[in-house]
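The values are calculated or read from the model by the stated rules, or taken from the named source; none is laboratory data. As the structure is a computational prediction, the values presented were derived from the model and not from experiment. Cβ placement follows ideal geometry from the backbone for every residue including glycine, while neighbour counts extend to all protein chains displayed.
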């Protein structure tokens with residue numbers, strides 16, 4: 001099975017999943033489905049032939065796992081580099097595509113590393129709200145993602161997670177068995193991104209990201225309430 005998995009990855013035009021990631025993903029899928037009644041929709045909208053930038057709403061610390069567990073490709077997120085020095089944890093983070101950053105130069109370094117990963121063919125996920133929502137509603141979108149989108153020349157994907165704030169509220173030490181839904185929305189094409197990244201169109205880009213994320217979140221909320 002390992003040989004077949006590695007062979008399949010070599011045939012892909014983009015970086016595939018490491019075997020550790022694949023194993024953990026299979027385990028996580030089962031746990032999420034049983035514990036959260038987890039569902040997702042729209043993952044077929046993500047181009048499997050190139051890198052991409054995922055823009056996610058942020059309800060809880062569970063969001064990075066929830067947004068990536070349904071995909072056939074790993075999603076790279078950012079984490080402070082000091083975590084990579086911890087025995088076992090550091091090895092684990094390296095093998096699940098987490099990008100180390102130095103918080104003393106977080107803004108410029110994280111942007112460069114994210115762009116580099118995208119150009120290598122990876123999916124990179126960021127949270128343009130900047131912090132977790134206190135009530136589950138979408139917060140104001142910050143413009144930092146535009147610099148990454150402009151220099152990456154790849155599609156940008158809005159992704160909404162609903163229900164994770166109930167599963168793991170702020171300051172909670174326990175993960176509750178609440179229903180969770182992820183919706184992958186209509187992407188911004190390379191041509192749209194190029195147009196919206198122009199200086200005079202940047203506010204429009206922010207507005208459109210907010211609009212698409214809001215639509216995804218409403219759809220996710222409705223799907224949770226319907227089951």
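The set of residues from segment 216-226 being part of a helix (DSSP H, G or I) and surrounded by fewer than 16 Cβ atoms within 10 Å (Cβ to Cβ) comprises 218, 222, 225. Taking the listed residues 163, 68, 144, the one that is under 30 Å from residue 222 (Cα atoms), within 13 Å of the chain's Cα centre (by Cα) and either surrounded by 15 or more Cβ atoms within 10 Å (Cβ to Cβ) or without any contact (Cβ under 8 Å) to a residue 40 or more places away in the chain (or both) is 68, with no other qualifying. Being under 16 Å from residue 58 (Cβ atoms) and either outside any loop (DSSP other than H, G, I, E, B) or in contact with a strand residue (DSSP E or B) (Cβ under 7 Å, 6 or more places away or on another chain) (or both) is a property that residue 165 has.
Scan segment 147-160 for residues that are part of a strand (DSSP E or B) and either free of Cβ contacts under 8 Å to residues at least 40 places away in the same chain or farther than 25 Å from residue 69 by Cα (or both) and the total you get is 0. Going by the structure shown, is residue 32 touching a residue at least 60 places away in the same chain (Cβ under 8 Å), touching a helix residue (DSSP H, G or I) at 6+ places or on another chain (Cβ under 9 Å) and more than 24 Å from residue 190 (Cα to Cα)? Taking the combined requirement at face value, the residue satisfies it.
Restricting segment 30-60 to residues that are closer than 26 Å to residue 171 by Cβ and within 12 Å of the chain's Cα centre (by Cα) leaves a set whose member that is surrounded by the most Cβ atoms within 10 Å (Cβ to Cβ) is 57.
Is it true that some residue in segment 121-139 is over 20 Å from residue 63 (Cβ atoms), under 16 Å from the mean Cα position of the chain (by Cα) and touching a residue at least 24 places away in the same chain (Cβ under 8 Å)? Checked against the condition, which is being over 20 Å from residue 63 (Cβ atoms), under 16 Å from the mean Cα position of the chain (by Cα) and touching a residue at least 24 places away in the same chain (Cβ under 8 Å), segment 121-139 yields at least one hit.
So, residue 182, is that one at pLDDT 95 or above, under 18 Å from the mean Cα position of the chain (by Cα) and within 26 Å of residue 47 (Cα to Cα) or not? For residue 182, the condition - at pLDDT 95 or above, under 18 Å from the mean Cα position of the chain (by Cα) and within 26 Å of residue 47 (Cα to Cα) - is met.
Does segment 11-29 contain at least one residue that is under 20 Å from residue 175 (Cβ atoms), modelled with pLDDT under 95, within 17 Å of the chain's Cα centre (by Cα) and part of a strand (DSSP E or B)? Scanning segment 11-29 turns up no residue that is under 20 Å from residue 175 (Cβ atoms), modelled with pLDDT under 95, within 17 Å of the chain's Cα centre (by Cα) and part of a strand (DSSP E or B). From the list 203, 214, 208, 219, the one residue that fits, being within 22 Å of the chain's Cα centre (by Cα) and without any contact (Cβ under 8 Å) to a residue 24 or more places away in the chain, is 208.
Give 93, 83 a once-over and let me know the one that is in a helix (DSSP H, G or I) and more than 19 Å from the chain's Cα centre (by Cα).
Testing whether each residue is in a helix (DSSP H, G or I) and more than 19 Å from the chain's Cα centre (by Cα) leaves just 83.
For residue 170, all conditions in the list (1) in contact with a helix residue (DSSP H, G or I) (Cβ under 9 Å, 6 or more places away or on another chain); (2) in contact (Cβ under 8 Å) with a residue 24 or more places away in the chain hold save one; what is the number of the exception? Only one criterion is unmet by residue 170, namely (1).
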